[in-house]
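The structure under discussion appears below in the form of structure tokens.
The values are calculated or read from the model by the stated rules, or taken from the named source; none is laboratory data. Everything quoted here is computed from the prediction, not taken from an experiment. Don't worry about glycine lacking a Cβ; one is built from the backbone with ideal geometry, like all the others, and counts go over all protein chains shown. What goes into the accessible areas is simple: the full protein's heavy atoms, side chains included, and nothing from ligands, DNA or RNA. Shrake-Rupley method; radii C 1.70, N 1.55, O 1.52, S 1.80 Å.
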Amino acid sequence: QEIVQFMEAERSKAKIQETVHTFTNLCWNKCIKKVNSAQLDGSEQQCFTDCVGRYLDTNIDIVKM
Amino acid sequence: QEIVQFMEAERSKAKIQETVHTFTNLCWNKCIKKVNSAQLDGSEQQCFTDCVGRYLDTNIDIVKM
Amino acid sequence: QEIVQFMEAERSKAKIQETVHTFTNLCWNKCIKKVNSAQLDGSEQQCFTDCVGRYLDTNIDIVKM
Amino acid sequence: MSAALKDNIKKEIAAELAVANAQQLVTKMTENCFDMCVPKPGSSLSAAEKNCTAQCAQKYIMAWNLVSRVYITKLQQSGQR
Amino acid sequence: MSAALKDNIKKEIAAELAVANAQQLVTKMTENCFDMCVPKPGSSLSAAEKNCTAQCAQKYIMAWNLVSRVYITKLQQSGQR
Amino acid sequence: MSAALKDNIKKEIAAELAVANAQQLVTKMTENCFDMCVPKPGSSLSAAEKNCTAQCAQKYIMAWNLVSRVYITKLQQSGQR
């Protein structure tokens with residue numbers, strides 16, 4: 001059962017990573033209009049942080065409705 | 001076999017619901033430009049009805065080609 | 001094992017076709033702005049050819065990074 | 001298999017389908033309403049954004065129900081299943 | 001297994017793949033051509049919309065075939081499979 | 001099962017997940033960076049397009065890592081798993 005437990009943990013990790021892919025793609029479209037450097041500048045970082053936060057807030061508000 | 005039959009029926013229901021999700025999303029983008037109320041007004045209702053209808057017509061025309 | 005081999009070949013064919021669907025859709029959005037004829041004219045053909053080529057180049061550059 | 005057991009299995013299958021359908025609906029609603037109501041996410045949802053999201057979600061459910069009715073009617077008319 | 005049976009199985013597998021591929025093509029064509037040719041759906045398809053859709057669908061198939069040729073050539077050049 | 005065998009199985013499972021995740025990341029990066037950096041594909045990638053793609057890819061990875069940190073923090077705060 002140690003292996004089964006490990007697989008469960010990996011599966012939940014995979015699910016989280018899948019969501020991270022979805023959010024990165026969605027927030028990329030909102031936050032990055034063009035590419036000027038290889039870095040995320042301060043306002044871009046803020047935009048991604050806010051984008052994920054507000055998306056989750058929106059999701060919670062909708063589920064609670 | 002009663003259970004098998006029931007599962008078949010549920011599966012075909014799930015397939016229909018999946019199509020309804022696809023159509024709602026697609027027609028939402030065509031019919032709703034901004035949100036002013038919690039209702040679907042008359043012209044929005046007409047737009048969704050026409051969107052589903054013409055999408056199916058287009059699909060049939062393409063298959064018949 | 002003849003059947004197994006055949007299935008492998010078919011599966012790899014299916015994977016290629018899946019990629020062709022993805023590329024056709026992606027390049028359609030880049031290359032076709034409106035429909036004036038049932039043919040692909042010369043510049044549209046060039047656009048699809050370049051679109052697939054440059055997409056693969058971009059993919060290779062990213063993987064090599 | 002007893003009739004009671006069969007009923008239980010049916011209920012479980014139906015419930016699982018209903019949950020999957022509801023999750024899909026919530027995901028699509030969130031995607032579309034976030035996109036429409038929160039174009040520039042800030043440090044918290046404003047009252048206007050919350051209001052827009054709530055209206056949008058209700059509208060989305062109404063649209064889903066309408067599309068469902070229209071599609072099922074079309075399926076029945078064309079005799080497809 | 002007899003050669004005839006093997007052949008039958010192969011044909012069935014190939015047919016299933018071909019059907020799945022054709023369905024995927026029809027779905028993508030319908031999505032893209034509906035989007036392009038029917039921007040504002042009305043109570044029925046107009047002659048112009050029907051004409052656009054027919055041209056669009058033929059164009060889409062030509063594009064699919066071209067992309068397929070280009071991609072397979074690239075795969076062969078790079079020695080990948 | 002021996003501890004060594006268990007360890008091997010775990011390593012294989014973890015490696016498979018890591019590969020799937022990396023492939024998904026490369027696919028999404030290619031899609032988004034090609035879309036942004038190569039609006040009109042020509043006969044080869046220009047220096048400017050290659051430069052844009054390289055910067056875009058690094059930016060995308062930084063964005064992925066940031067989103068991952070933010071999302072996991074939110075999950076922990078809400079006590080969900």
Output the number of residues of segment E:4-24 satisfying the condition of being of a type outside the set (G, A, S) and facing another protein chain (nearest Cβ under 7 Å).
-> 7
Which of the residues belonging to segment E:37-67 are outside any loop (DSSP other than H, G, I, E, B) and in contact with a helix residue (DSSP H, G or I) (Cβ under 6 Å, 6 or more places away or on another chain)?
-> E:C37, E:E49, E:C52, E:T53, E:C56, E:A57, E:Y60, E:A63, E:W64, E:L66, E:V67
Identify the residue in segment F:40-63 that is buried (at least 22 other Cβ atoms within 10 Å of the Cβ) and more than 7 Å from chain C (Cβ to nearest Cβ) and, among all such residues, is farthest from C:K30 (Cα to Cα).
-> F:A63
Condition broken by B:V35, with the remaining ones in (1) at the interface with another protein chain (Cβ under 8 Å from one of its Cβ atoms); (2) part of a helix (DSSP H, G or I) satisfied | (2)
In segment B:30-56, which residues are surrounded by fewer than 18 Cβ atoms within 10 Å (Cβ to Cβ), closer than 16 Å to D:Q58 by Cα and either in contact with a Pro (Cβ under 9 Å, 6 or more places away or on another chain) or not charged (D, E, K, R) (or both)?
-> B:N36, B:S37, B:A38, B:Q39, B:G42, B:Q45
Among (1) open to solvent by 70 Å² or more (accessible area, probe 1.4 Å); (2) within 14 Å of chain C (Cβ to nearest Cβ); (3) of a type outside the set (F, W, Y), which single condition is F:M29 missing?
-> (1)
With the condition kept exactly as written, say whether any residue in segment A:5-23 is within 29 Å of D:K28 (Cβ to Cβ) and in contact (Cβ under 8 Å) with a residue 24 or more places away in the chain.
-> yes
Part of a helix (DSSP H, G or I) and touching a Lys or Arg at 6+ places or on another chain (Cβ under 7 Å), is that true of A:D61?
-> yes
Filter result for the condition that a residue is in a helix (DSSP H, G or I), within 30 Å of E:E12 (Cα to Cα) and either at pLDDT 95 or above or within 14 Å of chain F (Cβ to nearest Cβ) (or both), over C:E44, C:E18 = C:E18
Please state which of the following conditions D:C37 fails to meet, knowing it meets all the rest: (1) more than 10 Å from chain A (Cβ to nearest Cβ); (2) closer than 17 Å to B:Q39 by Cα; (3) buried (at least 21 other Cβ atoms within 10 Å of the Cβ).
-> (1)
